[in-house]
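> A single structure is presented below for examination.
The numbers here are math on the coordinates, done by the rules we state, and not lab data. The structure displayed is predicted, hence computed values, not measured ones. Neighbour counts are summed over all protein chains in view; Cβ atoms, including those assigned to glycine, are modelled from backbone coordinates with ideal geometry.
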Amino acid sequence: MMESLKTNGACSCGENTYEAEVDPDKVVMCNCSDCQTSSGGTCHVNVLVPESDFHVTSGTLKEYIKIAESGARRIIGFCGTCGTQIFAVGAEAPRVYGVRVPTLAQREQFPPKVQIWGRSRPKWLPPLDDIPVKEQQ
């Protein structure tokens, strides 16, 4: 296990900023259909951060509730001005934030360690052989 790193990030327009204590071993690439739709791409890359280690430092994020395929309620935090998603988090405790890695200033330091929902991965996407795949979560 690697040592946690202090990170910071922001939405695209910079109105909302945050700081987080991040474990580089907790980076997940999610290929579920919800992540494909909300990202406008093939996945979301998230770093899992306990609630106590994630802090919004400026702005006020908007939130909406998304019901996952599992039936779990997920809160999506995003900028109301530019629409950038900053995180997804379960509605129930214990809360672990899935912070969107592309919003981190230090994004290059956080490659995915595992892919989840591999069964939903677009078939035309070339495999990433160095990153293990789980068919579901």
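> If you place +1 on the Cβ of every Lys and Arg and -1 on the Cβ of every Asp and Glu, how big does the dipole about the Cα centre of segment 1-121 come out, in debye to the nearest 20?
Taking the Cα centre of segment 1-121 as origin, the dipole is about 420 debye.
> Taking the Cα atoms of segment 53-128, report the difference between the largest and smallest coordinate on each principal axis, in whole Å and largest first.
Per principal axis, max minus min of the Cα coordinates gives 38, 32, 25 Å.
> Can I ask one more? Would you mind calculating the relative contact order of segment 14-82 from Cα pairs under 8 angstrom and at least 6 residues apart, reporting the percent as a whole number?
34 percent
> Roughly what percent of Cα-Cα pairs across segment 91-137 reach past 12 Å?
73 percent
> So for the chain, averaging the separation of alpha carbon pairs under 8 Å that are six or more residues apart and normalising by length, what relative contact order in percent results?
Answer for the chain is 27 percent.
> What percent do you get for the relative contact order of segment 1-48 when only Cα pairs under 8 Å and 6+ apart count?
Across segment 1-48, relative contact order equals 32 percent.
> Then there is this: Among 13-26, 47-60, how do they line up by average Cβ neighbours within 10 Å per residue, starting with the highest?
13-26, 47-60
> Sort the following peptides by mean Cβ neighbour count (other Cβ atoms within 10 Å, averaged over residues), highest first: 73-79, 102-108, 120-126, 131-137.
73-79, 102-108, 131-137, 120-126
> Now for a separate question. Name the aspartates and glutamates eligible as straight-distance cross-link partners of residue 123: C-alpha to C-alpha under 18 Å, and not fewer than 8 places from it in the same chain.
34, 135
> Select from 97, 52, 120 the residue farthest towards the positive end of the dipole of segment 5-120; place +1 on Cβ of Lys and Arg, -1 on Cβ of Asp and Glu, and compute about the Cα centre.
120
> Regarding the chain, what's the average projected area of the Cα-atom convex hull, expressed in nm²?
That works out to 8.2 nm².
> Next question. Of all DSSP beta bridges in segment 24-137, what percent run antiparallel (nearest 5)?
Within segment 24-137, antiparallel bridges account for around 85 percent of the total.
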